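First up is the structure itself, then whatever we jot down about it.
The values are calculated or read from the model by the stated rules, or taken from the named source; none is laboratory data. It should be emphasised that the depicted structure is a prediction, and the values quoted were computed from it without experimental measurement. Please note: Cβ atoms are built from the backbone with ideal geometry, for glycine as well, and neighbour counts cover all protein chains shown.
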Amino acid sequence: MADDNQTPVFQIQRMYLKDLSLEQPNSPQILLEQSQPSVDIQLGLGAEAVADGIYEVAVTATVTTKVNDKVLFLVEAKQAGIFEIRNIPGEQLDQIIGIACPGIVYPYLRAIVSDVCTRAGFPPVMLAEVNFQAMYEAQRAQAAAQNGSGIITSAN
């Protein structure tokens with residue numbers, strides 16, 4: 001009989017909104033402006049082990065919208081998921097945490113950002129699709145270049 005203790009496990013335990021902020025520092029005067037706003041979107045990823053085989057993966061979006069160099073609104077949202085990941089080899093584990101998990105969390109973040117903008121009285125901001133695999137590979141290549149050896153080290 002096979003030993004089920006070595007069966008690979010990948011499960012979503014929970015999805016949740018970890019942090020949300022909306023600021024309109026120049027309202028109501030700036031709402032009368034007729035100029036086209038500029039939008040800057042920054043994304044961030046974070047992951048940490050919270051227990052044996054349990055990981056939290058968070059994706060953060062910061063959306064800053066300005067009119068004539070004055071902030072119209074700023075939204076910062078952090079969506080997170082808790083994942084159970086067991087019996088997965090190290091390199092595959094890194095890929096699951098760096099590619100698969102953010103890909104699962106991100107659609108929730110996109111919906112939240114769009115909804116918050118709409119509820120604040122603005123047109124929705126639609127975050128673009130993200131290729132988390134390309135982002136992961138770029139980060140790995142940058143890490144390899146920085147340590148100069150071609151060997152990627154993990155900072156866990």
Here the residues within the stretch 1-37 that are of a type in the set (Ser, Thr, Tyr) and modelled with pLDDT of 95 or more are Tyr16, Ser21
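Residues are listed down the side, and each one gets a yes or a no for (1) closer than 24 Å to Cys101 by Cβ; (2) in contact with a strand residue (DSSP E or B) (Cβ under 7 Å, 6 or more places away or on another chain):
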| residue | (1), (2) |
| --- | --- |
| Asp19 | yes, yes |
| Pro25 | no, yes |
| Gln34 | no, no |
| Ser38 | no, yes |
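So if I check each of Val59, Val113, which one is in contact with a Gly (Cβ under 9 Å, 6 or more places away or on another chain), over 22 Å from Pro8 (Cα atoms) and of a type in the set (A, V, I, L, M)?
Val59
Residues are listed down the side, and each one gets a yes or a no for (1) within 18 Å of the chain's Cα centre (by Cα); (2) closer than 30 Å to Ile30 by Cα; (3) of a type in the set (S, T, N, Q):
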{"position": "Gly46", "(1), (2), (3)": "yes, no, no"}
{"position": "Gly81", "(1), (2), (3)": "yes, no, no"}
{"position": "Pro89", "(1), (2), (3)": "no, no, no"}
{"position": "Thr118", "(1), (2), (3)": "no, yes, yes"}
{"position": "Phe122", "(1), (2), (3)": "no, yes, no"}
{"position": "Gln133", "(1), (2), (3)": "yes, no, yes"}
Residue hits (the stretch 57-95; crowded, with 20+ Cβ neighbours inside 10 Å and within 24 Å of Arg140 (Cβ to Cβ)) are Val57, Ala58, Val59, Ala61, Lys78, Gln79, Ala80, Gly81, Phe83, Ile85
**Asked** Does Val75 satisfy being in contact with a strand residue (DSSP E or B) (Cβ under 9 Å, 6 or more places away or on another chain), aliphatic (A, V, I, L, M) and modelled with pLDDT of 95 or more?
**Response** yes
